[in-house]
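This report refers to the structure that appears directly beneath it.
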Amino acid sequence: MNLSSNEFRDLQQKVVTLIGMSGVGKTNLARKLPSTSWFHFSADYRIGTRYLLEPILDNIKEKAMEIDFLRDLLRSDSIFIGSAMTFDNLELLSKYVGKLGNRSLGGLALAEFKKRQKLHCEAEVQTMLDVGEFIGKAKSIYGYDHFINDSSGSICELNDRRVFEHLAEHTLIIYLASNNELEDAIIDRQTKHPKPLFYDSEFLDNKLRTYMETNGYVSEQQIDPDEFVQWIFPALIEYRRPKYEEIAARYGYTISADTIEQVRDEQDFVDLVCETLDSGD
């Protein structure tokens with residue numbers, strides 16, 4: 001979506017997609033917009049509650065069936081397992097994606113890990129292709145004036161042009177570009193609290209091979225799941241940065257992530273976007 005600043009200000013329904021690395025501030029920025037007039041579309045929430053809900057619940061059931069007490073109750077339909085996932089609590093999705101490595105340390109075997117990665121990728125593609133429909137629903141059903149698409153940090157890994165053409169057709173794509181200081185902070189958080197991640201398959205294969213050779217491992221069972229995430233994450237940041245820059249250059253605009261700290265409310269957000277449109281970044 002190509003707009004002038006005046007055109008954006010005059011839009012009766014402003015529609016924006018935020019892209020950028022996990023931890024760069026997309027969700028925090030979206031939450032600064034009034035919830036009474038901006039429909040907050042969370043990619044991770046829809047992935048977890050729509051496209052991966054069944055495998056997430058099946059995984060939990062498999063774990064529960066390992067416990068005699070719970071197995072008997074499940075088989076007799078005395079209990080059921082459901083999801084209480086929210087925007088603020090995506091732990092079920094995170095747990096399902098999982099980490100590669102030793103099973104006794106909570107890791108996943110390589111084949112299972114890759115299966116879940118593939119399912120996540122397919123779910124994320126479909127979720128982004130749902131955006132156009134949800135823009136209409138946000139207005140016609142729920143009565144929201146505006147729409148903010150809070151995309152996943154792995155959107156740049158989706159090698160499907162339909163996603164970005166669809167988003168560019170229906171929304172104004174804004175890339176929140178991190179600087180070295182912010183990237184260091186993101187890496188530090190991931191080092192202290194390693195979280196499951198999505199990886200491009202080629203990137204994962206190459207890095208896993210290097211990691212195994214460096215440590216003299218012959219099986220993923222030898223991998224400490226947290227240590228692998230800590231080791232690979234800085235390289236993932238480097239790998240994703242040019243992908244985001246290419247998306248922004250072709251389909252959208254770039255805003256430095258450090259400037260969003262100055263955004264206090266909707267007016268500040270609109271002003272920042274307009275400044276970006278005027279500068280053509």
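The values are calculated or read from the model by the stated rules, or taken from the named source; none is laboratory data. Predicted model only: the values in this text are computed from it and were never measured. Quick reminder, even Gly has a Cβ in these numbers, built from the backbone with ideal geometry, and neighbours come from all protein chains shown.
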* Structure fact -> Checked segment 125-136 for anything touching a Lys or Arg at 6+ places or on another chain (Cβ under 9 Å) and part of a helix (DSSP H, G or I); matches are VAL125, GLN126, THR127, MET128, LEU129, PHE134
* Output yes when any residue across segment 80-100 is in contact with a helix residue (DSSP H, G or I) (Cβ under 9 Å, 6 or more places away or on another chain) and farther than 27 Å from SER151 by Cβ, and no when none is. => yes
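Quick grid of which residues meet (1) out of contact with any strand residue (DSSP E or B) (no Cβ under 8 Å at 6 or more places or on another chain); (2) modelled with pLDDT under 95; (3) of a type in the set (D, E, K, R); (4) crowded, with 20+ Cβ neighbours inside 10 Å:
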residue	(1), (2), (3), (4)
PHE203	yes, no, no, no
THR214	yes, no, no, no
VAL218	yes, no, no, no
GLN222	yes, no, no, no
PRO225	no, no, no, yes
PHE228	no, no, no, yes
PRO242	yes, no, no, no
GLU246	yes, no, yes, no
* Tally of residues being of a type in the set (A, V, I, L, M) and closer than 17 Å to GLU238 by Cα across segment 151-181 -> 4
* Please find, within segment 174-196, the residue that is nearest to GLY136 (Cα to Cα) out of those that are hydrophobic (A, V, I, L, M, F, W, C) and surrounded by 22 or more Cβ atoms within 10 Å (Cβ to Cβ). => ILE174
* **First in segment 1-20 and within 14 Å of GLU169 (Cβ to Cβ), second anywhere and aromatic (Phe, Trp, Tyr) and surrounded by 14 or more Cβ atoms within 10 Å (Cβ to Cβ), Cβ under 8 Å, 6 or more apart** => VAL15/PHE147; VAL16/PHE147
* List, please: which pairs have Cβ atoms under 9 Å, are six or more places apart or on different chains, and start with a residue in segment 88-101 that is crowded, with 21+ Cβ neighbours inside 10 Å and end with one that is among the hydroxyl-bearing types (Ser, Thr, Tyr) and assigned to a helix (DSSP H, G or I)? -> LEU93/TYR45; LEU93/THR49
* Structure fact -> So, first residue without any contact (Cβ under 8 Å) to a residue 40 or more places away in the chain in segment 162-185, second residue in a helix (DSSP H, G or I) and small (Gly, Ala, Ser), Cβ within less than 7 Å, six or more apart or across chains; the pairs are HIS166/GLY132
* Among the numbered criteria (1) loosely packed, with under 15 Cβ neighbours inside 10 Å; (2) touching a strand residue (DSSP E or B) at 6+ places or on another chain (Cβ under 8 Å); (3) among the charged types (D, E, K, R), which single criterion is violated by GLU266? -> (1)
* Is at least one residue of segment 183-200 over 19 Å from ASP150 (Cα atoms) and in contact with a strand residue (DSSP E or B) (Cβ under 7 Å, 6 or more places away or on another chain)? -> no
* Asked: Here are ASP145, ASP160: which of them is touching a helix residue (DSSP H, G or I) at 6+ places or on another chain (Cβ under 6 Å), surrounded by fewer than 17 Cβ atoms within 10 Å (Cβ to Cβ) and acidic (Asp, Glu)?
  -> ASP160
* To do: Could you check how many residues of segment 102-121 are in a helix (DSSP H, G or I) and loosely packed, with under 15 Cβ neighbours inside 10 Å?
  => 7
* Residue that is nearest to the chain's Cα centre (by Cα), among those in segment 31-68 that are assigned to a helix (DSSP H, G or I) and of a type in the set (Ser, Thr, Tyr) -> TYR45
* **Residues of segment 248-272 that turn out to be out of contact with any Phe, Trp or Tyr (no Cβ under 6 Å at 6 or more places or on another chain) and either under 20 Å from PHE198 (Cβ atoms) or among the β-branched types (Val, Ile, Thr) (or both), as a count** => 4
* Filtered residue count, segment 1-29, keeping only those that are buried (at least 20 other Cβ atoms within 10 Å of the Cβ), outside any loop (DSSP other than H, G, I, E, B) and more than 14 Å from the chain's Cα centre (by Cα) -> 3
* Which ranges mark the helices (runs of 4 or more DSSP H) fully within segment 154-265 that have 3 or more residues being farther than 19 Å from ALA30 by Cα, touching a Pro at 6+ places or on another chain (Cβ under 9 Å) and hydrophobic (A, V, I, L, M, F, W, C)? -> 225-251
